[in-house]
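Q: Mind looking over this structure? Questions follow.
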Amino acid sequence: MIGATTMTKRAASIWIAAGLFAGLVLAVALSAVQGARADGHVTGTESIVLSQTEVNFEPGASRSGEEVWIRGSGFTPGMQIDLLVADFQGALYILSNCRWGSDGQCDPARYRDGAGSVWPLIVNDDGAFATKWRLGRFTRANVGAERLATVWAADAASYDFLASAPIALCNLERNADLEEGADPVEVPDYCSA
């Protein structure tokens, strides 16, 4: 053969060893991104699930009674979790906080204003938690907006994001009161109605 090169067994072994070493280094580097940390705050199995991924969102309402259950598992027992969603301007809005009374204590009666039903939200011995979020004032103008959003679970001590789940904030009644012959308002792709 003209122009063909041959490789000795030694050279082939060196190339194979170099390739295996490079693969090992890459695997270690990629696993470090999602792996456990030295402080023990990440198990690598954290997840959250919402009772509904599409919720009726009434833009501009002063206070909404719509509720979504949020459940998590795979978290470090005893960890305090903050649940967050971005408002329409991109600022993080805490879903799992408490609305304070005038005496500086958590006031369960103010749950209607929006917040989690459990505060503080502490992971149980099995690594799980459950709370519900009442949209409350999140529907007010210049706060929330009809859109596809992400609910984040974060370590309350470090604000490391540990898990997320999508939620569609949809005005499900936008075309409910149309006059006869009126054209319906277009529904975003992420909403069912």
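Q: Could you list all residues from the range 69-89 that are farther than 15 Å from THR139 by Cα and in a loop (DSSP other than H, G, I, E, B)?
A: Passing the criteria: GLY74, PHE75, THR76, PRO77, GLY78, MET79.
Q: Quickly run through the range 131-154 and pick out the residues that are among the β-branched types (Val, Ile, Thr), within 11 Å of TYR93 (Cβ to Cβ) and crowded, with 19+ Cβ neighbours inside 10 Å.
A: VAL151
Let's see how each residue does on (1) at pLDDT 85 or above; (2) aliphatic (A, V, I, L, M); (3) under 25 Å from CYS170 (Cβ atoms):
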| site | (1), (2), (3) |
| --- | --- |
| LEU83 | yes, yes, yes |
| ALA86 | yes, yes, yes |
| GLY90 | yes, no, yes |
| TYR93 | yes, no, yes |
| PRO108 | no, no, no |
| SER117 | no, no, yes |
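Q: Something else about it: Out of (1) under 30 Å from GLY44 (Cα atoms); (2) without any contact (Cβ under 8 Å) to a residue 24 or more places away in the chain, what's the single condition that is false for PRO184?
A: (1)
Q: Quick check: is even one residue across the range 16-33 of a type in the set (S, T, N, Q), modelled with pLDDT under 75 and loosely packed, with under 11 Cβ neighbours inside 10 Å?
A: No, every residue in the range 16-33 fails to be of a type in the set (S, T, N, Q), modelled with pLDDT under 75 and loosely packed, with under 11 Cβ neighbours inside 10 Å.
Q: Can you pull out every residue in the range 1-15 that is among the hydroxyl-bearing types (Ser, Thr, Tyr) and modelled with pLDDT of 70 or more?
A: THR8, SER13, listed by residue number.
Q: If you don't mind, another one. Return the residue satisfying two criteria in turn: it lies in the range 73-97 and is over 17 Å from SER158 (Cα atoms) and of a type in the set (S, T, N, Q), and of such residues it is surrounded by the most Cβ atoms within 10 Å (Cβ to Cβ).
A: That would be SER73.
Q: If I ask for residues that are closer than 17 Å to GLY74 by Cβ and basic (Lys, Arg), which ones from the range 121-166 would you list?
A: Matches in the range 121-166: none.
Q: Would you confirm whether or not the range 57-68 contains a residue that is basic (Lys, Arg) and not in a loop (DSSP other than H, G, I, E, B)?
A: Looking through the range 57-68, none of the residues is basic (Lys, Arg) and not in a loop (DSSP other than H, G, I, E, B).
The values are calculated or read from the model by the stated rules, or taken from the named source; none is laboratory data. The shown structure was predicted, so the numbers you read here are calculated from the model rather than taken from an experiment. Backbone-built Cβ (ideal geometry, glycine too); neighbour counts: all protein chains shown.
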